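The values are calculated or read from the model by the stated rules, or taken from the named source; none is laboratory data. Quick caveat, the model's predicted, so the values are computed rather than measured. Cβ atoms come from the backbone with ideal geometry, glycine included; neighbour counts cover every protein chain shown. SASA here: full protein model, heavy atoms, side chains in, ligands and nucleic acids out. Shrake-Rupley method; radii C 1.70, N 1.55, O 1.52, S 1.80 Å.
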Amino acid sequence: MKSISIVLLFSLSFYGCATILGGGNMTTVNCASDPSGAKVYANGNLVGTTPATAQVDKRKDQIFEFRKDGYQTATQMVTASVGA
């Protein structure tokens, strides 16, 4: 079975302690795959077909799954953390 290559791009608002600790709780994640046309799930919820944009809670860990017939499911975990 073929594998899917994935790319997750977070909006700039996802980075920076001041933004994470203050401001809104949601951030935008741009999802792409090669080949395109993979269904994207964030924490089990369908958010679209690549290329896709998802709104996620930046305070919580996120598990993204990319599914396309004839390809292995690709999974990417994004953890919510604040570092020094």
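Count, please, the residues in region 28-52 that happen to be in contact with a strand residue (DSSP E or B) (Cβ under 7 Å, 6 or more places away or on another chain), open to solvent by 80 Å² or more (accessible area, probe 1.4 Å) and outside any loop (DSSP other than H, G, I, E, B).
3
Pick from region 1-30 the residues that are touching a Ser or Thr at 6+ places or on another chain (Cβ under 6 Å) and modelled with pLDDT of 70 or more: which of them is farthest from Arg67 (Cα to Cα)?
Residue satisfying both the conditions and the ranking: Thr27.
What residue, among those in region 53-78 that are assigned to a loop (DSSP other than H, G, I, E, B) and in contact with a strand residue (DSSP E or B) (Cβ under 8 Å, 6 or more places away or on another chain), is farthest from Thr28 (Cα to Cα)?
Restricting to residues being assigned to a loop (DSSP other than H, G, I, E, B) and in contact with a strand residue (DSSP E or B) (Cβ under 8 Å, 6 or more places away or on another chain), the top hit is Gly70.
Among the residues of region 58-76 satisfying the criterion of being without any contact (Cβ under 8 Å) to a residue 60 or more places away in the chain and of a type in the set (A, V, I, L, M, F, W, C), which is most open to solvent (accessible area, probe 1.4 Å)?
Taking the candidates together, the pick is Ile63.
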